[in-house]
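Heads up, the thing below is written out as structure tokens.
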Amino acid sequence: MSARKAALEDASHQAGWMFADLLLALMVIFLAAQSFVPKEASLPQFEGLLSNKTSLTGTTSPLKTSITLTSIDEAALIDALQNYGAIQHLPSTYTVDSMVIAGGFNPKTESSDRGTATALQYAAAIGSYNLPYFKNSATLLAGSSEVPDGAAILNLQITPIPKSGTTGSGTPAATPSP
């Protein structure tokens, strides 16, 4: 009877099935991990991050601009937005659709994570101001060694709101005020 009991406890004949189950579990983990890797076409391009080029083809076209901030100050941000609006002859009301905030870092003594942390500080401060410009804007954080340490560049995509009081669809436009 002890020989029969020893035969029942021997699990070596199940090793093949355990190996197949292990391979199946590893394949599931591999496929799940691959679904979260961003494709190259979906990654944002930072080539024009520090440029101050604007494309204006009409009154409701999005504008792209960069604003340099050296301190986390609400008044400085509002002043920079108003100055840019005056220079580009924007209507008094507009919204920021999206923004890339690039924080500066010193590449000799710090990693790019320090720049991203600086950008996060600026993004948190801008969010705390509750400005209507940034009410529904998407934000992307980055670090750049071209930006001075402790400063940030805001690359904004701005959409002017027409003064007529209606949007292109004929519905009244919301007019945020600074």
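The values are calculated or read from the model by the stated rules, or taken from the named source; none is laboratory data. Since the structure is predicted, the reported quantities are computational estimates derived from the model, not experimental observations. Backbone-built Cβ (ideal geometry, glycine too); neighbour counts: all protein chains shown.
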_Being surrounded by 11 or more Cβ atoms within 10 Å (Cβ to Cβ) and at pLDDT below 60: is that true of Leu56 here?_
yes
Using the structure shown, decide if Asn155 is within 19 Å of Tyr94 (Cα to Cα) and either loosely packed, with under 15 Cβ neighbours inside 10 Å or without any contact (Cβ under 8 Å) to a residue 40 or more places away in the chain (or both). no
Inset, instruction - Might you check whether a residue that is touching a helix residue (DSSP H, G or I) at 6+ places or on another chain (Cβ under 6 Å) and assigned to a strand (DSSP E or B) occurs anywhere in region 132-141? - result: yes
Only one of (1) in a loop (DSSP other than H, G, I, E, B); (2) more than 30 Å from Ala119 (Cα to Cα); (3) modelled with pLDDT of 55 or more does not apply to Leu90, and that is (2)
Restricted to region 105-120 and to residues being more than 10 Å from Ser144 (Cβ to Cβ) and over 18 Å from the mean Cα position of the chain (by Cα), the residue surrounded by the fewest Cβ atoms within 10 Å (Cβ to Cβ) is Lys108
A careful count of residues in region 125-152 that are of a type outside the set (Val, Ile, Thr), in contact (Cβ under 8 Å) with a residue 40 or more places away in the chain and under 20 Å from Ile78 (Cβ atoms) gives 10
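Can you confirm whether Asp73 is at pLDDT below 90, under 20 Å from Asp149 (Cα atoms) and of a type in the set (Asp, Glu)?
yes
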Pairing a residue in region 69-81 that is surrounded by fewer than 14 Cβ atoms within 10 Å (Cβ to Cβ) with any residue that is assigned to a strand (DSSP E or B), where Cβ atoms lie under 8 Å and the two sit 6 or more apart in sequence or on different chains, gives Ala76/Leu69
